[in-house]
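Worksheet: the structure to be examined is printed underneath.
Just so you know, all these numbers are worked out from the coordinates, no wet-lab data involved. Remember, predicted model here, so these are calculated numbers, not experimental data. Every residue, glycine as well, gets a Cβ built from its backbone with ideal geometry; the counts of neighbours run over all protein chains shown.
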Amino acid sequence: MFASNIAAYDPRLDTWSALGSGVNGTVRALAVLPNGDLVAGGNFTIAGGSISASFARYAPTCPATAVPTGTACSGSGGPNTFTATNLPWTGTTFRARSTTIPSSAFVVTATGFAPTSIPLASLLSPSPAACNLLVVPDLTALAVSSAGTIDTQLPIPNSVAIAGLLLHQQLVLLEFDQSLSIVESTSSNAIRLTIGAF
């Protein structure tokens with residue numbers, strides 16, 4: 001299917017909306033880059049009102065970002081590295097993952113509007129000195145790992161009013177023994193999210 005204008009379809013609203021002012025020819029290929037930019041190729045010389053020989057790139061005015069912050073400390077499964085697997089765009093679900101979770105651990109996902117840096121040992125004992133709570137926990141969720149992996153999900157409302165909003169997310173691990181007593185509390189790095197919108 002070829003088009004003379006670049007448009008985006010929103011299945012939630014069942015609507016199409018123009019991206020920029022279109023092109024003066026035919027678009028033959030579209031692709032979305034990992035950062036959310038849309039690229040188009042085809043037979044055109046103008047895109048969005050500017051000279052563009054057969055290639056155009058549309059970047060959102062408020063890009064989504066997911067940046068690791070702080071330092072992960074290690075538990076019995078190794079470093080508690082927490083990594084984004086997609087970007088937090090309005091109307092989508094942000095996902096992140098850690099793959100070094102001990103099998104005998106409960107995991108608390110902390111999500112908040114502000115960063116902090118509090119030694120975990122002052123909140124949960126026992127905890128290694130290098131572990132810190134890096135997120136003000138405005139929202140928490142409890143989960144159990146599956147084969148050493150934890151996948152988190154955070155639904156992002158479909159509203160441009162939250163574009164540019166900063167959120168912070170981190171994992172706190174509570175390792176326990178056979179009697180379900182906590183033997184160690186550790187934490188991951190945090191992820192600083194900027195909610196993006198087109």
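For the chain, the relative contact order works out to 23 percent when only alpha carbon pairs closer than 8 Å and six or more residues apart are counted. Computed extension gain for Val160 through Ser103, at 0.36 nm per residue and net of the alpha carbon distance, reaches 16.6 nm. Fully extending the segment from Asp177 to Val136, taken as 0.36 nm per residue of separation minus the present Cα-Cα distance, adds 12.0 nm. Projecting the Cα atoms of Ala110, Val27, Ala96 onto the charge dipole of the chain, computed from C-beta unit charges around the Cα centre, puts Val27 farthest toward the positive end. FRET efficiency for the pair Asp151 and Ser74, taken as 1/(1 + (r/R0)^6) with r the Cβ-Cβ distance and R0 = 22 Å, rounds to 0.60. Checking Cβ-Cβ separations below 4.7 Å across the chain identifies Cys62 as cysteines lacking any candidate disulfide partner.
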